[in-house]
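Notes follow once the structure below has been shown.
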Amino acid sequence: MHIKKLFLLTMLLGSSLVRAEVAETLNYTMYAVKPDAGSSLLKAINAATPIREGDKKYHGFTKWDVRWKYNYDTSSSGICKVKSVSVTLTTVITLPELNSNDETAVSQFANYLPALKKHELGHLQIAQEAARKIEQSLLRQPGLSNCEQLKTALNDRGNALVAEAKTQGKEYDEQTQHGKTQGAYLKN
């Protein structure tokens with residue numbers, strides 16, 4: 001009898017729980033850097049980088065996109081509630097790849113690349129936190145009397161959290177001087 005009650009309780013609780021999941025995809029894109037003889041590694045990376053913002057060149061970049069889907073249902077009392085949430089984070093990190101046998105360039109690059117990658121992974125962490133916040137926020141959304149209002153509330157909250165994360169990314173770049181304070185720095 002005890003097992004039956006436990007099973008029924010599990011079934012009742014399980015049917016009212018909202019499900020969610022953050023699915024992540026991370027890819028790396030590399031661009032080739034081949035220093036000319038006698039040229040500095042900094043000049044070679046600056047010449048090779050495809051990453052530009054206005055007149056500024058950057059050696060690494062993290063592009064991320066958070067998307068969310070949700071299902072909702074109207075209860076017998078007429079309240080529209082979130083039934084399930086699915087959040088997807090897709091990230092592409094662009095970094096340089098050295099094509100050189102020059103010992104000086106290889107040595108400098110071996111010190112530089114891990115620091116640059118660490119900086120870009122900091123941007124990834126900001127995106128991951130945003131995805132988790134979106135998931136949790138959408139799950140906590142109270143039911144509303146109208147499903148259109150619910151959809152608007154969910155999307156407004158998700159978009160606000162994306163905007164907040166983009167601001168955090170800019171602040172992170174300012175604080176780290178685009179990775180310089182983390183060791184992502186080359187001398188000319």
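The values are calculated or read from the model by the stated rules, or taken from the named source; none is laboratory data. Worth saying up front: this structure is predicted, and the values here are computed from it rather than measured. Glycine gets a Cβ as well: all are built from the backbone with ideal geometry, and neighbour counts include every protein chain shown. Note: areas computed on protein heavy atoms with side chains; ligands, DNA, RNA excluded. Shrake-Rupley method; radii C 1.70, N 1.55, O 1.52, S 1.80 Å.
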Exercise. Residue 123: within 30 Å of residue 158 (Cα to Cα) and open to solvent by 20 Å² or more (accessible area, probe 1.4 Å), yes or no?
Worked result: yes
Exercise. Would you pick out the residues in the stretch 130-188 that are open to solvent by 30 Å² or more (accessible area, probe 1.4 Å), at pLDDT 95 or above and of a type in the set (Ser, Thr, Tyr)?
Worked result: 152, 167, 172, 181
For this session: Considering every residue within the stretch 81-89, establish whether at least one is among the aliphatic types (A, V, I, L, M) and assigned to a loop (DSSP other than H, G, I, E, B).
Result: no
Exercise. When you go through (1) open to solvent by less than 70 Å² (accessible area, probe 1.4 Å); (2) in a loop (DSSP other than H, G, I, E, B) one by one for residue 112, which number turns out not to apply?
Worked result: (2)
Seminar exercise, completed: Apart from one, (1) under 13 Å from residue 123 (Cβ atoms); (2) in a helix (DSSP H, G or I); (3) not β-branched (Val, Ile, Thr) all hold for residue 184; the odd one out is (2)
Problem set entry | Within the stretch 38-68, tally of residues that are in contact (Cβ under 8 Å) with a residue 40 or more places away in the chain and among the polar types (S, T, N, Q) | 3
Problem set entry | Residue, nearest to residue 140 (Cα to Cα), within the stretch 18-65, restricted to residues that are open to solvent by less than 40 Å² (accessible area, probe 1.4 Å), at pLDDT 95 or above and assigned to a loop (DSSP other than H, G, I, E, B) | 60
